[in-house]
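Each reported figure results from applying straightforward, stated rules to the coordinates on display, with no laboratory input. Keep in mind that this is a model prediction, so the values were computed, not measured. Please note: Cβ atoms are built from the backbone with ideal geometry, for glycine as well, and neighbour counts cover all protein chains shown.
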Amino acid sequence: MSRSRRSRRKTQARQDRVVLRWLWETFVRQRILLLSAAFVLMVVESLTLGAFSYLVQPMFDDVLIQGDRAQVYVVALAMAATFLGRGLARLAGKAIIVWQAEKATAQLQSLLLGHLITLDQGFFKHMSPGVLIERVRGDSAALRSVFDALITGIGRDGSAVIVLLGVALWTDWQWTLVAMAGIPLLGVPMLAIQRLIRRRSTESRRVAAQSSNRLDEAFHGITTLQLTGSEAQELGRFNRIKEQFVSRMTRAKIGKAAVPTLLDFGAAIGFGLVLIVGGLQIIDGSRTVGQFMSFFTALGLLFDPLRRLSSLAAQWQHILASLERTHELLQVRPDVTSPPPPHMPPPARDKASVTLNNVSFAYDSDPVLRGISFEAPAGQTTAIVGPSGAGKSTVFSLLTRMIDATEGEVLIGGQDVRRMDLVQLRAQFSVVSQDTALFDETIRDNILLGAPHASDEALAEAIRAAHVNEFLPLLSKGLETRAGPRGSNLSGGQRQRVAIARALLRDTPILLLDEATSALDSRSEALVQAALSRLTTGRTTLVIAHRLSTVRDADQILVMDKGQIVEKGDHISLLALGGSYAKLHALQFADQSETSAN
């Protein structure tokens, strides 16, 4: 064996030990009493198999051959009790295992979601929702198999092998050795197959994540697919991924099926040899038919749990592959975290200015911001305008520490945001973006998001100020109407007004508006702009806008281009400057004039 292969196997063994320790400490130890009870019940179930095979001898020798009438009732009662006990033990043990398996799987999925939602935007930039859904739901299902397959297999099948092997040895140890003669020959092939299963299972889980991602993108972009006639193209992409999955999963499944098949080869050799040796001994009178039937029953029952145990060894490789991916995901740590205490306290509302000092930022090696500096005074409105890709939205992400600056300082009230508690920092902001995030809950719940304890009076005022009350009578259940997946039951303008009501209700010192009125018609835009004008009074407000008409009254306008601030000033002074802002203004109003003329 090469040195690199030995090194890989040692590394894999260490990873397996880490995963097993995590599995024990997080999910098994707290359930050990219930799992022990289930284990005992499974042992009882296995003991009944041993009792049945043992009772076969008196059934043949004493009842069927000797004709002992008294033994008929004894054996019949013992057989009935054996099967009744087995059924009850199986039912009770299975109920415990299923219950705990589902609870543990739900616990793991909750643990994964709780961990993932703490990670920052850098992680989600490289991890699509479809992939993460598969990681949370698909890979975590392996934990269910740990309880349902492994514990059941070891408890029921492991003890059954021991009990039935004991009956076989008790009946005739020489026959037992003959029956097991072919088993040692299977060791090397089984090890090779298990390594194959591990590799293919890991590959299949990766491809399954790609498949979920493809589905997620197809359903999110269904309108675009249909309008562009790209249904067949998207289906082709999905089918190519599924072909890879089928190939890898088929190899893994065939490998799992090959293990019990190998065991059947060993069983064929053993059964043939025992039949020859035992048959000759019965013919010459040294063994009875009852002994042979008892042994043969024990041996026949023995190979079934032995086959399941051999499959379990292969299945364990598949389980480990998924659990290792899950454990690996839980080890990812956010780059953006709260600093160690003591934390800088958040500023007072009238001191909540926003300052960037020579701030640069890059995604991987792609620069987005290039040494920008500005101050947004407390209580005033600062607008940020410029072409798409200029870095405007990145500024908002830096303020809320969804990402951290590569260089420079980001200050709130003169305090570095990296010295503030992350929860307290984000509590200073209300955000309304062009991609309004609504959830499949009631409109009431969507507005209360971030302010769950707001009074009914405050909720009613936010609904009125954001003009949500204008469309509530059109909905079947008014405020209790569900918004639908991603707000699909509402129009774009309605979704935007719900998000604005949410921001109004939070009543934070700083307001971030990213194209907040982009989805509204002219009438709704005018109404919401009036509400926002009242809201911004005495509040630090930063506005990202493409339509310059919405920011002409801002106290300060920053013009960005290619990650830099190229102009600063108010609307009048920037027009007089005749630079980038004036050109954007002229271009937009020329487009509007042309549109009006048409």
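The table below gives the values:
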read-out: Candidate lysines for bridging to K242, where Cα separation is under 24 Å - those fewer than 8 sequence places away on the same chain excluded; value: K253, K256
read-out: Amide hydrogen neighbours beyond the local backbone of D555, cut-off 5 Å, H modeled; value: T381
read-out: Residue order, fewest to most surrounding Cβ atoms within 10 angstrom, among I443, I565, I283; value: I283, I565, I443
read-out: Reachable aspartates and glutamates, given that their alpha-carbon falls under 16 Å from the alpha-carbon of K562 and they are not under 8 places away in the same chain; value: D366
read-out: Shape metrics for the stretch 389-459, restricted to C-alpha atoms - Rg then Dmax, Å; value: 15.1, 44
read-out: Whole-Å distance, taken between Cα centres, linking the stretch 13-53 and the stretch 71-145; value: 13 Å
read-out: Stokes-Einstein translational diffusion, the stretch 434-507 - Kirkwood Rh over all Cα pairs, 1.567 mPa s, 4 °C, in µm²/s; value: 110 µm²/s
read-out: Calculated FRET efficiency for the pair Q588/Y363, C-beta based, R₀ 22 Å, to 0.05; value: 0.15
read-out: For the stretch 313-409, the spread of Cα positions along each principal axis, largest first, Å; value: 67, 37, 21
